[in-house]
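The block underneath contains the structure these notes are about, expressed in structure tokens.
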């Protein structure tokens, strides 16, 4: 007997789509899933999930849809059921992570959401073979999502922690900057290679994260991708959310979370969160973590 057809309206964030892999995988055990997503490559291994897109006005996502249009199909005219994926703040606090919140919101148990990266996915970069590679995510703010102002850590503290280990690595700095739509928050840091104009497609990004020895990031896509592909990461937090929001993927990759002295999980775009970090304590934890790599 055929499973009922389910239309899933997915979230649009890159990190959200990695997290919701675990929800989609769980739903696919009970339904014939049709997923509306701007990131089809992130579901390349889920052969029983049908992918389509109703479009998006988000800048990076819209560009990716152009790159990956060939992977999308046409949805059915009628579905037996429909559901939207979301992770409301109260669910995150209750279930102690974003992907568990998504699963609870959709009424399923969270499944494995790690992302296998095929050998054919190449980042295409000429990186040195004699130096360890670190992917660095500069702090940014964008008009499309005002929460970045609250979420980002203190820019000077972020730079200080980064500079403490920067010389040990060949650093690839990755962002998608387009003033005035998205800009770097605070002073721009040095790196050996800067890819700040969204040059890499999603498959290249996944391949780069997988090939890296370390990812240095604030909360968001950089952290979630590191967990998804199993690469060690250092995440420095600001306001908006606490490290527990990403706890569902901590078993996937070695990590160091550096939180403020008074961490905040307000999930507010306007709250004046206390972002002060105990820098001497952070340095001590950072040095100890680096010894384990």
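Every read-out reported here was derived from the displayed coordinates using simple, explicitly stated rules and does not represent laboratory data. The structure presented is a predicted model; accordingly, all values stated were derived computationally and were not measured. A quick note on method: Cβ atoms are made from the backbone with ideal geometry, for glycine too, and the neighbour counts reach across all protein chains shown.
Taking (1) in contact with a helix residue (DSSP H, G or I) (Cβ under 7 Å, 6 or more places away or on another chain); (2) under 21 Å from residue 232 (Cα atoms) in turn, residue 128 satisfies each apart from (1). Residues in region 122-144 that are part of a loop (DSSP other than H, G, I, E, B) and more than 17 Å from the chain's Cα centre (by Cα): 122, 123, 124, 125, 126, 127, 128, 129, 130, 131, 132, 143.
Screening 85, 98 for residues that are in contact with a strand residue (DSSP E or B) (Cβ under 8 Å, 6 or more places away or on another chain) and surrounded by 20 or more Cβ atoms within 10 Å (Cβ to Cβ) leaves exactly one candidate, 85.
Filtering region 27-75 to residues that are in contact (Cβ under 8 Å) with a residue 60 or more places away in the chain and under 20 Å from residue 225 (Cα atoms) leaves 39, 41, 42, 44, 45, 58, 59, 60, 63, 64, 67, 68.
Of all residues in region 1-12, those that are surrounded by 19 or more Cβ atoms within 10 Å (Cβ to Cβ) and either out of contact with any helix residue (DSSP H, G or I) (no Cβ under 7 Å at 6 or more places or on another chain) or part of a helix (DSSP H, G or I) (or both) total 1. When 269, 255 are checked against the criterion of being surrounded by 16 or more Cβ atoms within 10 Å (Cβ to Cβ) and closer than 22 Å to residue 101 by Cα, a single residue qualifies: 255. Is region 111-124 home to any residue that is touching a strand residue (DSSP E or B) at 6+ places or on another chain (Cβ under 8 Å), over 23 Å from residue 252 (Cβ atoms) and in contact (Cβ under 8 Å) with a residue 24 or more places away in the chain? Checked region 111-124: no residue is touching a strand residue (DSSP E or B) at 6+ places or on another chain (Cβ under 8 Å), over 23 Å from residue 252 (Cβ atoms) and in contact (Cβ under 8 Å) with a residue 24 or more places away in the chain. Test each condition in (1) on the phi < 0 side of the Ramachandran plot; (2) surrounded by fewer than 20 Cβ atoms within 10 Å (Cβ to Cβ); (3) within 23 Å of the chain's Cα centre (by Cα) for residue 79 and report the one that comes out false. Tallying (1) on the phi < 0 side of the Ramachandran plot; (2) surrounded by fewer than 20 Cβ atoms within 10 Å (Cβ to Cβ); (3) within 23 Å of the chain's Cα centre (by Cα), residue 79 fails exactly one: (3). Are any residues in region 156-176 touching a residue at least 40 places away in the same chain (Cβ under 8 Å) and part of a helix (DSSP H, G or I), and if so, which ones? Across region 156-176, the qualifying residues are 157, 158, 160, 161, 162, 164, 165, 168.
Any residue that is without any contact (Cβ under 8 Å) to a residue 24 or more places away in the chain and either under 24 Å from residue 62 (Cα atoms) or out of contact with any strand residue (DSSP E or B) (no Cβ under 7 Å at 6 or more places or on another chain) (or both) - is there at least one of those in region 200-214? Checked against the condition, which is being without any contact (Cβ under 8 Å) to a residue 24 or more places away in the chain and either under 24 Å from residue 62 (Cα atoms) or out of contact with any strand residue (DSSP E or B) (no Cβ under 7 Å at 6 or more places or on another chain) (or both), region 200-214 yields no hits at all. Can you report the number of residues in region 31-56 which are more than 20 Å from residue 175 (Cβ to Cβ), in a loop (DSSP other than H, G, I, E, B) and over 18 Å from the mean Cα position of the chain (by Cα)? Residues in region 31-56 being more than 20 Å from residue 175 (Cβ to Cβ), in a loop (DSSP other than H, G, I, E, B) and over 18 Å from the mean Cα position of the chain (by Cα): 9 in total. Criterion first (surrounded by fewer than 22 Cβ atoms within 10 Å (Cβ to Cβ) and not in a strand (DSSP E or B)) does residue 186 satisfy it? In short, yes.
A count restricted to region 211-245 and to residues that are part of a helix (DSSP H, G or I) and surrounded by fewer than 20 Cβ atoms within 10 Å (Cβ to Cβ) stands at 3. The listed residues are 70, 24, and the only one of them that is part of a helix (DSSP H, G or I) and exposed (fewer than 15 other Cβ atoms within 10 Å of the Cβ) turns out to be 70.
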